Structures are given as C-alpha cells and as structure tokens.
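S.K.: This is the structure I have questions about; it appears just below.
The values are calculated or read from the model by the stated rules, or taken from the named source; none is laboratory data. As the structure is a prediction and not an experimental result, all values here were calculated from the model. Using ideal geometry, Cβ is built from the backbone for each residue, glycine included, and neighbour counts are taken over all protein chains shown.
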Amino acid sequence: MLDLKAIRRDPDLYKASHASRGGDPADIDAVIALDEQRREAITQMEALRADRRQMSTQIGRAKDAEEREALKAKVAGFKADLQALEDQSRDLEAQTNAAVAALPNLVAADVPKGTTEDDNVVIATHGEIPAYDFQPKAHWELGLDHEGIDFDRGVKLAGSRFYVLRDQYARLQRALIFYLLDLHTTRGGYRELYLPFVVRGETLFASGQLPKFADNLYRDHQDDVWLVPTAEVPITNFHGDEILEAEQLPLRYCAYTPCFRREKMSAGKDVRGIKRGHQFDKVEMYAFVHPGQSEAELEKMRADAEAACAGLGLPYRVKALCTADIGFGARKTYDIEVWAAGCNEWLEVSSVSNVWDFQARRAKVRYRPEPGAKPDLLHTLNGSGLGIPRTMIAILENYQQADGSIVVPQALRPFMGGVEVIGG
C-alpha cells in the first residue's frame, strides 16, 4: 500500500506513475479529497471537544441554576454533534483507506515506459535456440505419445484446465521441484519453508492480492480461508506485525506450493496443454531486506532465477517489464522466459520484483535500524524460482529426440533415480 503522506507531499509524482500504468490520475485527486474531508472532520471534532470542555468548566462556575441548565443543554447538544462527526470521520477514514489500497505501487524511474506488453524490453539472451533435423512436437503431443499427460481424466476429475501427470512425467515434475529447492537453499542462501496452502483474508490483503484480485482466487466460504495463488502470499505475512532487528536482515526464504487461480482474467489464452491451468506448482523466492539494499537484492534474485534456467540447460532471455505490464504491487520487475521448441515461443517461467515498502506497510513488517531506534518499514522482494509447468514444457520440447524420447537434463537425474531418457 502507498504512503498517504507521500501522496500528499508530491501528488504529481503519483499521478504520473498511475497514468503510466494506464490508470486515471483523477484517482489520486479522489484520494487526496477524501483525506482532506477526513482531516477537516477531525479538526471539527477537536474544536467541538474544546468547546465542550470549556462549557463544562462554565457549568461548574455558574451560580444561577437557570444558567447551569442552559449550559447543560448546550453540552448535551455538543455530544450529539460530536457523535455525528466521529461517525463521519470513521466513514471517511474507511473510504480513504480503501481508495489508497486500490492504488498500485509507484513505478521506479528506470522502468521502461509503455502502453502494452509489446513495449517490454529484452535486456539479455542466454543460450542457443536448439536446431532439429525433424519437426519438434508440442508438449501436449509428447504427453499423449508417452501417456504422461492425461487431459481427459483431469477434466473428468476437476473440470477444464486441469490435467493429470503420470509415471515419469509426474516423477520429472517432482524432480524439478527438488532441484529448485536444493539450488536455492544451497546456492542462493534461502531458508526453506513448508507453508499452509490456505490463508486468511488479511494475509491476502497484506500481499496485495485483496481486494483487487478477489475474483481470480478460490475461497472456502465456510471456514473463510482462501487457497494460495502463490507462496508469495503466506511468506509476505510470515513476519506480519513484527519488528525485526537490523542484524537479522536480509531474510531470504524459498518455498514450494501448489498455486490455485481461477484465471478469469486469461479467458481464451493459452488453452492448449499445460501452460495455463487453475492449479500449478511453483517454487518461490522471497526476501525481507534493508531499504538501502533492495535494488542490489533484486539483481541477486534475478541471478538466482537465471541460474535455475542455466542449470537446466534451457535457452532463456530477460525482459525489463514496462509500465503497462508491471504487476500491481511491483515497483520494478524482470521477467525470465525460456524457449520452447515445440510451441515455438518464449514462455515466462519467472517474474522477479522489487516491491519496496508496498507490502511491508500492509503487513506491518518493520525493522529497527539500530538498538533503541524507532522502527521503520523494510523492503520486500519476490520471484518465481521457477514456475513448474512452463519449465516442464521447455524441458519436454527442447530435449526431445527424433525417436520421440526425451533426454532428462543432467541436473535432474539425481532426483530421477538416475533415469536419463523418458520414452523412446
């Protein structure tokens, strides 16, 4: 969530940022207007309380009974007026908080300007796109050939955009998860967490998912919990309402979770295969850092995501997302995409974002710069490390052979019991 005081200090900065995302600058004016009304109501309350105190003093000093009764009547009237102002102030505060919560993060000055995702900027490309002396198949064809992906039974069990992985395909996915967790805990210095797969509403608010993305989430209304859309959500609130000491930072965590999304915002997109499902697996990276270190931490997290792709031998590229495509809570984001030979396209497997204090303010996560100092908000960052289905797609399609078999990447073989080839 944005800092209301900062918005008041420099509204033009926030209007420009909001407009660069495609928002209406009038949204900033509306927030300021609500806040001014709230502040005016508070001023009126304070003045009315002062008048009431003064009149109460006069009652005690009044010698005439009739004068005292008249003063008491006025004090009683003040009470009703004061209650009305208190109700108005609470209502305006709720409206102001809701309006601020609906605003996206302030974009960093070096984020490319753009109006569509086509304005994202490729800043690096690594690895060679593989060449074949045969026509490479898409992963859904390979999955049917090996009986490794069962789309029909997925639909039978749960409905559209669900699937079942079988045998070595299921084992390959499990190996990929193990590989990523081992890589990030050993190479990246992340502490592994096993998290609940459901969270409370306030946890989703803390991460920025609520209220904006409520329609894209799965909810159990009976217990009032929500299925996690990403491990970023529970990790954000892991230190919610806590004050950390400066020497504890940075705190880096990684976690595997299934992710559940209704994908209402992607209707009609990527419906073939396993690119976009309502349930998918992901390994997430997350960091709580000193504000002065978040830019350096963003580059580290990007390097950690790149290392995962490089370790699998996948061609990949890095994009700097433009203002039109950057996420709601992000200040700056890199996307990492891998090449998929059968689909003949680049697939996003990681988004790495610096969120600054946007989530920390919502979750009330603070740190003490030095012993005895006043607590301040820290910065948070998050990144996919990696998204499993699209990484699986790239492995299946890039490592396929002319005879239909799939070579298992060297990095995954220890987690596959030494299996080197699938199918064939």
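S.K.: Under 7 Å between Cβ atoms, which residue pairs at least 6 apart in sequence (or on different chains) link something in segment 142-158 that is within 17 Å of residue 389 (Cβ to Cβ) and modelled with pLDDT of 95 or more with a partner that is surrounded by 14 or more Cβ atoms within 10 Å (Cβ to Cβ) and of a type in the set (S, T, N, Q)?
M.R.: 142/400; 148/168
S.K.: Checking the structure you have, find out if any residue of segment 358-372 is under 20 Å from residue 109 (Cβ atoms) and crowded, with 21+ Cβ neighbours inside 10 Å. Walk me through it before giving the result.
M.R.: If we filter segment 358-372 for residues that are under 20 Å from residue 109 (Cβ atoms), which is where we start, we get 358.
Then drop every residue that is not crowded, with 21+ Cβ neighbours inside 10 Å, which leaves 358.
The answer is yes; a qualifying residue exists.
Residue-wise test of (1) small (Gly, Ala, Ser); (2) in a loop (DSSP other than H, G, I, E, B); (3) modelled with pLDDT of 95 or more; (4) within 15 Å of the chain's Cα centre (by Cα).
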residue	(1), (2), (3), (4)
182	no, no, yes, no
196	no, yes, yes, no
222	no, yes, no, no
238	no, yes, yes, yes
254	no, no, yes, yes
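S.K.: Another question, then. Name the residues in segment 392-407 that are more than 23 Å from residue 277 (Cβ to Cβ), of a type in the set (A, V, I, L, M, F, W, C) and touching a residue at least 40 places away in the same chain (Cβ under 8 Å), would you?
M.R.: Once the filter is applied, which keeps residues that are more than 23 Å from residue 277 (Cβ to Cβ), of a type in the set (A, V, I, L, M, F, W, C) and touching a residue at least 40 places away in the same chain (Cβ under 8 Å), segment 392-407 yields only 402.
S.K.: A further question follows. If I ask for residues that are surrounded by fewer than 20 Cβ atoms within 10 Å (Cβ to Cβ) and over 18 Å from residue 263 (Cβ atoms), which ones from segment 208-232 would you list?
M.R.: 211, 220, 221, 222, 223, 224, 225
S.K.: Which one is nearest to the chain's Cα centre (by Cα) among residues in segment 321-343 that are surrounded by fewer than 20 Cβ atoms within 10 Å (Cβ to Cβ) and small (Gly, Ala, Ser)?
M.R.: For segment 321-343, the residue satisfying everything is 327.
S.K.: Just checking, does segment 375-394 include any residue being among the small types (Gly, Ala, Ser), over 23 Å from residue 325 (Cα atoms), at pLDDT 95 or above and buried (at least 24 other Cβ atoms within 10 Å of the Cβ)?
M.R.: Narrowing segment 375-394 to residues among the small types (Gly, Ala, Ser): 383-385, 387, 394.
With the extra rule that they be over 23 Å from residue 325 (Cα atoms), the set shrinks to 394.
Filter once more, keeping what is at pLDDT 95 or above: 394.
Keeping just the survivors that are buried (at least 24 other Cβ atoms within 10 Å of the Cβ) gives 394.
Yes, there is a match, as at least one residue in segment 375-394 is among the small types (Gly, Ala, Ser), over 23 Å from residue 325 (Cα atoms), at pLDDT 95 or above and buried (at least 24 other Cβ atoms within 10 Å of the Cβ).
S.K.: Here is a further query. Would you list the helices (runs of 4 or more DSSP H) that sit entirely within segment 1-114 and hold 1 or more residues that are more than 30 Å from residue 210 (Cβ to Cβ) and either at pLDDT 90 or above or touching an Asp or Glu at 6+ places or on another chain (Cβ under 8 Å) (or both)? Give the derivation first.
M.R.: Numbers: elements: 4-9, 11-20, 26-61, 65-101.
Where helices (runs of 4 or more DSSP H) fall fully within segment 1-114 and carry at least 1 residues being more than 30 Å from residue 210 (Cβ to Cβ) and either at pLDDT 90 or above or touching an Asp or Glu at 6+ places or on another chain (Cβ under 8 Å) (or both), they are 26-61, 65-101.
S.K.: In segment 207-237, which residues are among the small types (Gly, Ala, Ser) and without any contact (Cβ under 8 Å) to a residue 60 or more places away in the chain?
M.R.: Within segment 207-237, 214, 231 meet the criteria.
S.K.: A further question follows. Within the bounds of segment 206-229, is there any residue that is farther than 21 Å from residue 288 by Cα and of a type in the set (Gly, Ala, Ser)?
M.R.: Checking segment 206-229: at least one residue is farther than 21 Å from residue 288 by Cα and of a type in the set (Gly, Ala, Ser).
S.K.: I'd like to verify a number: residues in segment 139-180 that are within 24 Å of residue 339 (Cβ to Cβ), part of a loop (DSSP other than H, G, I, E, B) and of a type in the set (Ser, Thr, Tyr), how many?
M.R.: 1
S.K.: Another one. Condition first: of a type in the set (A, V, I, L, M, F, W, C) and touching a residue at least 24 places away in the same chain (Cβ under 8 Å). Now tell me which residues in segment 369-391 satisfy that.
M.R.: Taking segment 369-391 and keeping what is of a type in the set (A, V, I, L, M, F, W, C), we get 373, 377-378, 381, 386, 388.
Residues satisfying the conditions are 377, 378, 381, 386, 388.
S.K.: Let me ask something else. What is the number of the single condition among (1) of a type in the set (Lys, Arg); (2) more than 21 Å from the chain's Cα centre (by Cα); (3) modelled with pLDDT under 95 that residue 212 does not meet?
M.R.: For residue 212, the exception is condition (2).
S.K.: Of the numbered conditions (1) closer than 28 Å to residue 413 by Cα; (2) in contact with a strand residue (DSSP E or B) (Cβ under 6 Å, 6 or more places away or on another chain); (3) part of a strand (DSSP E or B); (4) touching a residue at least 60 places away in the same chain (Cβ under 8 Å), residue 244 fails exactly one; give the number of that condition.
M.R.: Unmet condition: (1).
S.K.: Confirm whether residue 317 is under 20 Å from residue 346 (Cβ atoms) and at pLDDT 95 or above.
M.R.: Working: under 20 Å from residue 346 (Cβ atoms): yes; at pLDDT 95 or above: yes.
Yes: the conditions hold for residue 317.
S.K.: Quick one: in segment 184-203, which of the residues that are touching a helix residue (DSSP H, G or I) at 6+ places or on another chain (Cβ under 6 Å) and among the hydrophobic types (A, V, I, L, M, F, W, C) is surrounded by the most Cβ atoms within 10 Å (Cβ to Cβ)?
M.R.: The residue in question is 199.
S.K.: While we're on this one: Consider residue 261 carefully, then state whether it is of a type in the set (D, E, K, R) and either more than 25 Å from residue 103 (Cβ to Cβ) or touching a residue at least 12 places away in the same chain (Cβ under 8 Å) (or both). Break it down stepwise before answering.
M.R.: Details: of a type in the set (D, E, K, R): yes; either more than 25 Å from residue 103 (Cβ to Cβ) or touching a residue at least 12 places away in the same chain (Cβ under 8 Å) (or both): yes.
When the stated conditions are applied, residue 261 passes them.
S.K.: Would you pick out the residues in segment 113-152 that are buried (at least 18 other Cβ atoms within 10 Å of the Cβ) and closer than 30 Å to residue 26 by Cα?
M.R.: Within segment 113-152, 114, 120 meet the criteria.
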